[in-house]
Amino acid sequence: MAQNSLSKDQNFFLKIIKKQIFIPIAALLVLMLFNLIADPSFFRVELGTSSLGYPVLKGNLITILDNASELVILSIGMTLVTSASGGQDISVGAAIALAGSVVLRVLCGTETRPDHLHAPIIVAFLICCIVAMLFGAFNGVLVAYFKLQPMVATLILFTAGRSIAAWINNNQLPIISEPKFGYFGNFFPGIAIPSPIFIAILFMIITALIMRFTKLSLFTQAVGINAESSRLNGINPQFIKFITYVILGFCVAVAGFIKVSRLSTINYSVIAKDIEMDAILAVALGGNALSGGKFSISSSIIGAYVIQFLTITLYKFEVPAAALPAYKAIVVIILVVLSAPVVRKKLADMKKNFAAKEAN
Amino acid sequence: MKIKKTLAILFSLTLGLAAFTGCGPANPGSGAGSEGQDKPAENSASDGNTNADSTSSGSLIKVGIINNDPNESGYRNANDKDMKAMFTEENGYEAQFAYSLKNEEQIAAAQKYIQDEVDYLLISAAGTSGWDSVLKDAQTQGIKVILFDRTIDADESLYEASIVSDMAKEGETAVNWLASQKLDEYNIVHIQGVVGSSAQIGRTGALDKKAQAEANWNIVTQQTAEWSAETAQQIVQSVIDAGTKFNVIYAENDDMAKGAVAALDKANIKHGVGQDVIVMGFDCNMWALEELLKKNWNYDGQCNPFQASYIDEIIKGLENGKAPASKVVIMEEKGFDAETITQADVDQYGI
C-alpha cells in the first residue's frame, strides 16, 4: 500500500517535472524565495497617491508586472513565429521604434510639441497597428515565400527600422503634453493598478480564446514540425508562416503603443533596445525549442515575467552597473540550459532510472 | 513554379538595382564630382598645396564629414544640423557626409574620402582606436584632419585639431553647483549612461570624487540606465519601492532624468526648485530646459553640440597658413540653474 502511494507520488512528481511549464515556474519560485529570504519587504505592496492625487499601488511586485507587459505581449508573438518558421524575428525592437514613431506622427502632425492632439488616440493606435502589421507582413513574405532564414530576413528591418522611425518624424523628438495619452502607459485616473498590466492581461485572454477556438495553434505546430507533411494534409504552410509574422506585427504595435505612452515621447535609438533578445530569451526560458515545432505560450509568458523579475531583483540588490550584464548572463545561462528540451528529457530519464532502481 | 522563379529573379534584380540607386543619394557630392565636375575637382586637388587662394578664386573647399548616426540622440541631431548649416556652398564648402555608429564603417568612409581627394577630413569617431593607418594615408595625400566631438588614440601629429567637450569639466560644473546648494545631507540616486562612454566616465568621475571626499555626500544608488528613459524609470521605481531615502537625482542625460521624474511623479515625491528632491540632467535638450523654466527640474548641464563654427574658424586659419594655437580646443559649456534660467537661454542653448 505504502509502496504504491510512494510510486504514485513519484509518478506525479515525474509528470510535473516533465511539463514544459515546470522550469520557468520553478525559476520564478526560486527568485521569489531568494528575495523572500534576503528581504521580505521586497513583496510589500502599498497604496499611495500619485502627484496628480489619484490612488496608485506601489511596490516591487507591481513594478515587475507593470514593466514586463511589453515583453509578455512580444513573447506571445515570438513564440508563434518561432514555432512556425523555426527561427526568430530580431527586428521587434526596431519595429517598436517604428510603431511608436507612427503613433506620435499621427497624434502630433508635424509639430514637435503640439498643444492639442491632431487625431483621436484610437485612430493613432489603429494606424500604428496597420503599419506594424505591414512590416510584419514584409518579414513574413521574405520568410514564407522567399524562404529566407528568419534571422536574415528580419535583419533588414533590424538595421533599417530605427532610421525609418526617425525619418517618419523628420528626425524630431515629439513630446505630447496631453495627459490622456499617458494613461495607457501609466494609470487611468482613479484606477490604482498600472494600465499596462490590464493591457497585458487582456492580450493574454484574447490569445487564449484564439488558441481555444481556432486551429491556429494546431496548424502552427504542424507546420513547425514538418511543413511538407502538413502541406500534404491540406494546410498551406507558407500562409501559416506568413500569418504568424503578421500576428507578431500586431504584438509589436501594442507594445510600441505602451512604450511611447509611458513617457509620452520617443527616443529612436534607445526605445525598446535589445528587447528582441529578451523576447527570444523568454521563448527559450519557456522551454520552447527555438528550432520550431511544439510550443507553449503560457511558458513563454512566465519566461517573460522571470526576466523582468530578475532585472528588478538585480536593481534591488544594487549590483554594480558594470557587472549587471554578467550577473544576468549567468542566471540566464543556467535557466536556458535547464529548460532546454534535451536536458529536460535527460533529467526525466535520470529520475526514472533512479525510481526504477529504488523499486528494485 | 516557373512563375515563382521568374518572380524571384525579378525581385532580386529590383533589389540589386535598388541597392545601386540607394548608394547614389548617400554621396551626392562624389557622384556629381566623378562625372560632371570631374575636372574642377581634379584641379582643386592638384593645386591642393596652394589652396590658400582657392577660396578667393571661388572654388570650393572639399570636406568629407564623418559623423555618428544623427538618430542616436538629440545631441547628435543638433550637431548634424549645425554641421549641415555651416558646410554649405554659400559658405565656400563642398561637403560630403557619411554616418555610422560603427568604427569600421567610419574608417571605410574615410578611405573613400581620401580616394576622392577631399581637402579636409572631419571626423567624429565612433571608437577611439584603429584610426592610425587611415590618418597616415590622409597625411601622405596632404589631406588635413580635424576631429570633432570625440578624440581618438592616435599621435597628435596625425591631425590638425580636436574640438571636444570636456566631460569631466561638465561633471565638475554640475557637482560644484550641487555643492553650492548647501544641503545638510546629500543622498544621491546616480543614474549612469552606457558604462565606458566618455560622457559617462567624465560625469561619473566628478561625482564619485566629491562623494568620497565629503562625509555628508552619499550615493545611495549607482546604476546604469544606458541613456534610456524607461530603464531609468525602472531603476528609480525600484529605489522608491525599497524605501530608500534620497534627495538628489543625478542623471547623466536628460532622457534618464525624465524617466526618473516619471517615477517620482507616480510615487508623489515632490521635485524641483524648493521641493524634496533635486533633479539634475545633462545635454540641454529644449524640452529639458523648459522643465527648468517651469522649476520642475533644478539643473541642466550643457554638452555643446555646436562645433561647426569652431571648425570653420580653424579651416579658415589653415587656409591662410595659420595653424590653430593648440591642438585640443575645448568648447565653452554652461550649466543652467532653474532659478536663473531665462526664456532667451532656452531659445539659444536648447537643442
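The values are calculated or read from the model by the stated rules, or taken from the named source; none is laboratory data. All figures in this text were calculated on a predicted structure; none of them were measured in a lab. Heads up, the Cβs are rebuilt from the backbone with ideal geometry, glycines too, and the neighbour counts pull from every protein chain shown. Areas reflect the complete protein model, heavy atoms only, side chains present, ligands, DNA and RNA absent. Shrake-Rupley method; radii C 1.70, N 1.55, O 1.52, S 1.80 Å.
Let's see how each residue does on (1) within 30 Å of A:Pro179 (Cβ to Cβ); (2) open to solvent by 20 Å² or more (accessible area, probe 1.4 Å):
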{"residue": "A:Ile266", "(1), (2)": "yes, no"}
{"residue": "A:Ala282", "(1), (2)": "no, no"}
{"residue": "A:Gly292", "(1), (2)": "no, no"}
{"residue": "A:Ser299", "(1), (2)": "no, no"}
{"residue": "A:Ile312", "(1), (2)": "yes, no"}
{"residue": "A:Lys328", "(1), (2)": "no, yes"}
Within the stretch B:167-194, residues being buried (at least 17 other Cβ atoms within 10 Å of the Cβ) and within 12 Å of chain A (Cβ to nearest Cβ) number 5
Filter the stretch A:177-236 for residues that are more than 14 Å from every other protein chain (Cβ to nearest Cβ), in a helix (DSSP H, G or I) and under 15 Å from A:Arg262 (Cβ atoms); the one that is least open to solvent (accessible area, probe 1.4 Å) is A:Ala200
A careful count of residues in the stretch B:215-232 that are within 30 Å of the chain's Cα centre (by Cα), more than 7 Å from chain A (Cβ to nearest Cβ) and polar (S, T, N, Q) gives 1
Yes or no: the stretch B:134-146 includes at least one residue that is open to solvent by less than 20 Å² (accessible area, probe 1.4 Å) and farther than 24 Å from B:Leu60 by Cβ.
no
Condition test on B:Ala232, is it assigned to a helix (DSSP H, G or I), under 26 Å from B:Asp345 (Cα atoms) and either outside the structural domain of B:Ala78 (by TED's automatic domain parsing) or not acidic (Asp, Glu) (or both)?
no
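Identify the residue in the stretch A:57-66 that is open to solvent by 10 Å² or more (accessible area, probe 1.4 Å) and farther than 20 Å from A:Ser299 by Cβ and, among all such residues, is nearest to the other protein chains (Cβ to nearest Cβ). So that I can check it myself, show each step before the final result.
Within the stretch A:57-66, the first condition is being open to solvent by 10 Å² or more (accessible area, probe 1.4 Å), and the residues that meet it are A:57-58, A:61-62, A:65.
Next, only the ones that are farther than 20 Å from A:Ser299 by Cβ stay: A:57-58, A:61-62.
Values: A:Leu57: 10, A:Lys58: 6, A:Leu61: 9, A:Ile62: 8 Å.
Filtering first and then ranking leaves A:Lys58.
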Quick test of your reading of the structure: B:Ile269 fulfils all but one of (1) out of contact with any strand residue (DSSP E or B) (no Cβ under 7 Å at 6 or more places or on another chain); (2) free of Cβ contacts under 8 Å to residues at least 40 places away in the same chain. Name the failing condition by number.
(1)
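Conditions tested, residue by residue: (1) touching a residue at least 60 places away in the same chain (Cβ under 8 Å); (2) part of a loop (DSSP other than H, G, I, E, B); (3) among the hydrophobic types (A, V, I, L, M, F, W, C); (4) surrounded by fewer than 17 Cβ atoms within 10 Å (Cβ to Cβ).
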position: B:Ser309; (1), (2), (3), (4): yes, no, no, yes
position: B:Lys322; (1), (2), (3), (4): no, yes, no, yes
position: B:Val329; (1), (2), (3), (4): yes, no, yes, no
position: B:Ile341; (1), (2), (3), (4): no, yes, yes, no
position: B:Ile351; (1), (2), (3), (4): yes, yes, yes, no
Of residues in the stretch B:233-271 being more than 9 Å from every other protein chain (Cβ to nearest Cβ) and among the β-branched types (Val, Ile, Thr), the one farthest from A:Val260 (Cα to Cα):
B:Thr244
With respect to A:Val319, is the statement that it is part of a helix (DSSP H, G or I) and among the aliphatic types (A, V, I, L, M) true?
no
